[in-house]
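Working notes, beginning with the structure itself.
The values are calculated or read from the model by the stated rules, or taken from the named source; none is laboratory data. Since the structure is predicted, the reported quantities are computational estimates derived from the model, not experimental observations. FYI the Cβ positions are ideal-geometry reconstructions off the backbone, even for glycines, and counts take in every protein chain you see. Quick note on the areas: whole protein, heavy atoms, side chains included, nothing else; ligands and nucleic acids left out. Shrake-Rupley method; radii C 1.70, N 1.55, O 1.52, S 1.80 Å.
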Amino acid sequence: MSDQLIDVCASSKKFCRDLKTSLAYGVRDIAREMVGSRGTGRSRLRHGEFWAVRDISFEVRRGDCLGLIGPNGSGKSTLLKMINGILKPDIGRISVRGRVSALIELGAGFSPILTGRENIYVNGSVLGMTTTEVDAKLDQIIHYSGIEEFIDMPVRSYSSGMRVRLGFAIAAHVDTDVLLIDEVLAVGDVGFKQRCFNTMANLAKDRAIIFVSHNMANIARIATSVLVMNSGEGIIHTPDVGSAIQQYFEQFPAMAGSRIGEHLVHLRECRVPGAEDDAPTVRYGEALVVELEYAVLGEDEPDVIHLKFFDKGASQVAVSYVRIPSGIAQIDGYRRLRVRVRDFPLSAGRYSIGIIFAEAYNDTVNGKIIAHYVSAITLRVVGSETISNISVQLPADVLLDEEYTEARSPDVRADRTLV
Amino acid sequence: MDVRTYTPESGIRHPVALVREMVSDLSRCRGLAWRLFVRDIQAQYRQTVLGLLWAFLPPVATTAVFVLLNRGQILNVSDGIAVPYPVFVLSGMILWQTFGDAVQAPLRVVDSSAGLLSKINFPREALIVAAVGQSAFTSCIRLLLLVPIFVMYRMTPSYSALLFLLPYVVLLLMGSVIGVVASPFGILYKDVQRALPLMLQFWMLLTPVVYSRPDGGVLGLIAGLNPVSPLIESGRHWLVVGMAPPSGGFWLVTTATMAVALVSWVIFRVTLPVLMDRIEA
């Protein structure tokens, strides 16, 4: 079941910035296609063009789900369209085996005048279903969409959420080998999103899926590998979903250099002592020590340090606060201190730690943030026995109270005697 | 398992694969074309009061104009026509509008489906087949207009009316071929969309639709060069007059149309993928 269904080989795609130039190039492209161009002329940029997708290679096997992430305009959707065969690659070669279905815009081709039921037939056949197939799955589709009472109403009177429900219900019932999903669940209520997501996870088992999303929690849950794109180029392609998501966050200028705001505190050193490798490790339930070396550059003296813990889906899962001892403020230049988190409660996995230097806070008001290092450390946690993907694991144990057991035993016996 | 490979090369470089894909897509698109056809017909008439009556109105209106002009002696074009002038104009007009609709259909449908084209990969031929089917459907309805007209003038159709089917189909085909060849350029430049109706208006007046072909003069020369003329003349003659040999150039136009139809299909298939870069939606 591990056959390769998608093979993208050193593929690139260029677009033109200016409309008029783009149209003129279009006419030339028509001529070039008609004389049977070898396609080699397409590999150079003409005036005003840029690479929307540059030299991307990967393959996806059945059962795999490739998460495609990157900032807006990084070429994710273009790449999906190339794999779907809508856009021709300008360089490279793309092979796709089996039936392909794309959840790119749900309900594309819905006719507003026709009823939901009629549109199921139209949309189904656009997606490649035969009338017999639609007939067979009609009830399932309507039931899945959850809009039974509106199904014979014209689609023009549907809300956008209802359209997406119907669109997803149809798309999810198409039998395909390859599924391309482009951020389609932005609309729709929480319940439906959850259902769609479960359906996708289920479909992923025997298909090759490429999943574009800006929701890192979803990527972390469903993807078996991740490709991070920026400005058309592939930054990283790895089965290590956590570190790929880390890379994704580093694409944003505000977070570049892992720093937000003015550089009023310079963090020279930030490490977990005893762990010299790239990924410091801590054992679940033991103490985590973070060593910091920093200098205050501005007027404001920080009073507290926050350590914020993010899981691989970039959700914040925990925070620690420590007060900086007042004596340390006397030191000019770099100060060194260690922050200790006792009984580390996060379950096994990969986390990133953000470090914030801030002014003191009271019960109602947060102190002013002086410096914010977004992902200062990547931390690996080992040693927790867990099967869930919940980050915080509270230590708990069973209490076997001797008195309790002894007191209970005679009763059991008493019960038996009664019988 | 079906494997599709996409490369920068033009599809024309691999004619065998191209033809194989064209044939497989054509058979794949039948169900979809039918769905789109039904969708468009339903959507077109559902939000109207007059419904199908709208199909009848264009030929009736234009026919009425020419009949009135002729009756008022403003135009004098009815000489040497074997049937009553209204029958002549109406049948000619129905044939011409079949052609005209077919010319405009491909570009209209490609333009209105830009969103679908840029999001979903389906056999693109289905759009064209559905649109041409819609033109055929409308013109078939219009042919029903001839029934009351025949009754009114106490005419009976001859057996030659069966032959009418051939020029009718060729007209549809020729119209859609022109439309299909125009559509890649129409996707790029809206000029094409604006030019088409204007061009068709002139073309109609240069075609023996409301008059019979003059023997000489500029108009006679133009009518002789005009590929639509023999189709309209023969079609109309077989439909409302009776058996006659096809007018000059009929077979030439018919075979040429068939050949060009295949070429235009190749043009459409090969150029549409590179045009998708330009209709990003």
Among (1) open to solvent by 10 Å² or more (accessible area, probe 1.4 Å); (2) at negative phi; (3) in a loop (DSSP other than H, G, I, E, B); (4) at the interface with another protein chain (Cβ under 8 Å from one of its Cβ atoms), there is one condition residue A:71 misses while meeting the rest; what is its number?
(4)
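Would the stretch B:138-161 turn up any residue that is among the hydroxyl-bearing types (Ser, Thr, Tyr), closer than 28 Å to residue B:32 by Cα and more than 14 Å from every other protein chain (Cβ to nearest Cβ)? Before you say what the answer is, go through the steps one by one.
Going residue by residue through the stretch B:138-161, those that are among the hydroxyl-bearing types (Ser, Thr, Tyr) are B:138-139, B:153, B:156, B:158-160.
Then drop every residue that is not closer than 28 Å to residue B:32 by Cα, which leaves B:138-139.
Filter once more, so that each one left must be more than 14 Å from every other protein chain (Cβ to nearest Cβ): B:138-139.
Yes, some residue in the stretch B:138-161 is among the hydroxyl-bearing types (Ser, Thr, Tyr), closer than 28 Å to residue B:32 by Cα and more than 14 Å from every other protein chain (Cβ to nearest Cβ).
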Among (1) facing chain B (nearest Cβ under 9 Å); (2) open to solvent by less than 30 Å² (accessible area, probe 1.4 Å); (3) out of contact with any Ser or Thr (no Cβ under 8 Å at 6 or more places or on another chain), residue A:147 falls short only on (1)
What's the total number of residues in the stretch A:8-42 that are more than 7 Å from every other protein chain (Cβ to nearest Cβ), open to solvent by 50 Å² or more (accessible area, probe 1.4 Å) and either in contact (Cβ under 8 Å) with a residue 12 or more places away in the chain or not charged (D, E, K, R) (or both)?
7
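Of all residues in the stretch A:381-394, count the ones that are open to solvent by 100 Å² or more (accessible area, probe 1.4 Å) and modelled with pLDDT of 70 or more. Working first, answer last.
Looking only at the stretch A:381-394, we keep the residues that are open to solvent by 100 Å² or more (accessible area, probe 1.4 Å), and these are A:385, A:387, A:389-390, A:394.
Add one more test, that the residue is modelled with pLDDT of 70 or more, and what stays is A:385, A:390, A:394.
Residues in the stretch A:381-394 being open to solvent by 100 Å² or more (accessible area, probe 1.4 Å) and modelled with pLDDT of 70 or more: 3 in total.
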Identify, by number, the condition in (1) open to solvent by 20 Å² or more (accessible area, probe 1.4 Å); (2) at pLDDT 90 or above that residue A:99 doesn't meet.
(2)
Among (1) in contact (Cβ under 8 Å) with a residue 12 or more places away in the chain; (2) surrounded by fewer than 19 Cβ atoms within 10 Å (Cβ to Cβ), residue B:51 falls short only on (1)
Contact list, first residue from the stretch B:93-120 and within 14 Å of chain A (Cβ to nearest Cβ), second anywhere and among the hydroxyl-bearing types (Ser, Thr, Tyr), beta-carbon distance below 6 Å, six or more apart or interchain, is B:110/B:183
Count, please, the residues in the stretch A:49-68 that happen to be in a loop (DSSP other than H, G, I, E, B) and within 13 Å of another protein chain (Cβ to nearest Cβ).
1
Looking only at the stretch B:253-269, and only at residues there that are more than 14 Å from chain A (Cβ to nearest Cβ) and open to solvent by less than 40 Å² (accessible area, probe 1.4 Å), the one that is nearest to residue A:29 (Cα to Cα):
B:261
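What helices (runs of 4 or more DSSP H), lying completely within the stretch B:153-225, carry at least 3 residues that are among the β-branched types (Val, Ile, Thr)? Before you say what the answer is, go through the steps one by one.
Numbers: elements: B:165-188, B:191-205, B:217-225.
The helices (runs of 4 or more DSSP H) meeting that bar are B:165-188.
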Of (1) in a loop (DSSP other than H, G, I, E, B); (2) modelled with pLDDT of 90 or more, residue B:253 satisfies all except one. Which?
(1)
Residues satisfying the stated conditions in the stretch A:75-117, i.e. over 16 Å from residue A:180 (Cβ atoms) and within 7 Å of chain B (Cβ to nearest Cβ):
A:88, A:90, A:91, A:93, A:109, A:111, A:113, A:114
Selection from the stretch A:56-91 of residues in contact with a His (Cβ under 9 Å, 6 or more places away or on another chain) and either without any contact (Cβ under 8 Å) to a residue 24 or more places away in the chain or not assigned by TED's automatic domain parsing to the domain that holds residue A:12 (or both) yields A:72
Say we look at the stretch A:118-132 and pick out the residues that are open to solvent by 10 Å² or more (accessible area, probe 1.4 Å) and small (Gly, Ala, Ser); which of these is nearest to the other protein chains (Cβ to nearest Cβ)?
A:125
Has the stretch B:145-159 got any residue that is within 30 Å of residue B:278 (Cα to Cα) and among the aliphatic types (A, V, I, L, M)?
no
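Just checking, which of B:62, B:5 is away from chain A (no Cβ under 14 Å) and open to solvent by 40 Å² or more (accessible area, probe 1.4 Å)? Walk me through it before giving the result.
On the way: B:5 fails: away from chain A (no Cβ under 14 Å).
After ruling out the rest, the residue left standing is B:62.
Yes/no matrix, rows are residues, columns are (1) under 20 Å from residue B:90 (Cα atoms); (2) aliphatic (A, V, I, L, M); (3) part of a helix (DSSP H, G or I); (4) modelled with pLDDT of 90 or more:
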{"residue": "B:236", "(1), (2), (3), (4)": "yes, no, yes, yes"}
{"residue": "B:247", "(1), (2), (3), (4)": "yes, no, no, no"}
{"residue": "B:258", "(1), (2), (3), (4)": "no, yes, yes, yes"}
{"residue": "B:261", "(1), (2), (3), (4)": "no, yes, yes, yes"}
Got at least one residue in the stretch A:201-212 being within 14 Å of another protein chain (Cβ to nearest Cβ), surrounded by fewer than 17 Cβ atoms within 10 Å (Cβ to Cβ) and out of contact with any strand residue (DSSP E or B) (no Cβ under 7 Å at 6 or more places or on another chain)?
yes
So, in the stretch B:24-59, how many residues would count as being more than 14 Å from chain A (Cβ to nearest Cβ) and not aromatic (Phe, Trp, Tyr)?
9
For the stretch B:176-195, how many residues meet the condition of being open to solvent by less than 20 Å² (accessible area, probe 1.4 Å) and farther than 18 Å from residue A:31 by Cβ?
3
